Amino acid sequence: MRTQFTVNDAAYGLDVEPRLTLVDALREECGLTGTHVGCEHGVCGACTVIVDGQPVRSCLMLAVQADGTSVSTVEGLAAAGPDGEVLHPLQEAFVTHHGLQCGFCTPGMLMSALHLIETETDLTRDRIREEMSGNICRCTGYQTIVDAIESAAATMSSQAAVR
Ligand code: FES
Ligand code: FES
């Protein structure tokens, strides 16, 4: 079946089997391997991407269901700068606060955290823990992940204030 969507503002037109999941389409058809596949059952959150503004477990969504949507993945977080890529404040915060160890859960963590920061007006540590409870880190780095998200939220809010 023909399916068309944008990923990080680039247009993709794919001929796919109806059973192909979105995460497999992203990784195998689009070549965007930043989104990880863990449980394939909607449990671990490693495959989280943003589809039309909402966080989605891309292992539970079919590529054909994404037809006509706008998808954001971890590859779209860093921006082009004069001296190469500039990491997103969330990525910077994960590095600074040691929010990643093996990095397997990190793409899903980043996309869930991005949606949380962009939609939550009163972001407390409890709220971060509650929202991120759907993302599993097998390295169990939860404390530092919460630290990183809290720090990135402060950075992003101060950047928004000076604009
Ligand atoms: S791979 Fe999708 S939730 Fe685990
Ligand atoms: S950093 Fe290894 S699974 Fe989270």
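The values are calculated or read from the model by the stated rules, or taken from the named source; none is laboratory data. What you see is a predicted model; the values in this text were computed from it and never measured. Note that we place each Cβ from the backbone using ideal geometry, even for glycine, and neighbour counts take in every protein chain shown. We work out accessible area using only protein heavy atoms, side chains counted, and drop any ligands, DNA or RNA first. Shrake-Rupley method; radii C 1.70, N 1.55, O 1.52, S 1.80 Å.
None of A80, A152 is in a helix (DSSP H, G or I) and not hydroxyl-bearing (S, T, Y) except A152. Would you check if L60 is open to solvent by 70 Å² or more (accessible area, probe 1.4 Å), without any contact (Cβ under 8 Å) to a residue 24 or more places away in the chain, under 19 Å from H115 (Cα atoms) and not small (G, A, S)? No: the conditions fail for L60.
Residues of segment 134-147 that are part of a helix (DSSP H, G or I) and more than 15 Å from the chain's Cα centre (by Cα): Y142, Q143, T144, V146, D147.
The residue of segment 25-42 that is nearest to ligand 1 (Cβ to nearest atom), among those that are crowded, with 21+ Cβ neighbours inside 10 Å and in a helix (DSSP H, G or I), is L26.
Considering the conditions (1) hydrophobic (A, V, I, L, M, F, W, C); (2) out of contact with any Leu (no Cβ under 9 Å at 6 or more places or on another chain); (3) away from ligand 2 (no atom under 16 Å from the Cβ), V51 is excluded by exactly one of them, (2). Conditions: (1) in a helix (DSSP H, G or I); (2) open to solvent by 40 Å² or more (accessible area, probe 1.4 Å); (3) away from ligand 1 (no atom under 16 Å from the Cβ). G68 meets all but one. Number of the miss? G68 satisfies all of (1) in a helix (DSSP H, G or I); (2) open to solvent by 40 Å² or more (accessible area, probe 1.4 Å); (3) away from ligand 1 (no atom under 16 Å from the Cβ) except (1).
Please enumerate the residues belonging to segment 9-52 that are under 11 Å from the mean Cα position of the chain (by Cα) and more than 20 Å from C102 (Cα to Cα). I50, V51, listed by residue number. Among the criteria (1) in a helix (DSSP H, G or I); (2) within 27 Å of D24 (Cα to Cα); (3) in contact (Cβ under 8 Å) with a residue 24 or more places away in the chain, the one E131 does not fulfil is (3). Taken across segment 30-40, residues that are outside the structural domain of A148 (by the TED database), modelled with pLDDT of 95 or more and of a type in the set (A, V, I, L, M) do occur, with at least one present.
Counting the residues of segment 87-106 that are outside any helix (DSSP H, G or I) and open to solvent by less than 30 Å² (accessible area, probe 1.4 Å) gives 3.
Within segment 126-142, the set of residues being exposed (fewer than 12 other Cβ atoms within 10 Å of the Cβ) and more than 16 Å from ligand 1 (Cβ to nearest atom) comprises D126, E130, T140.
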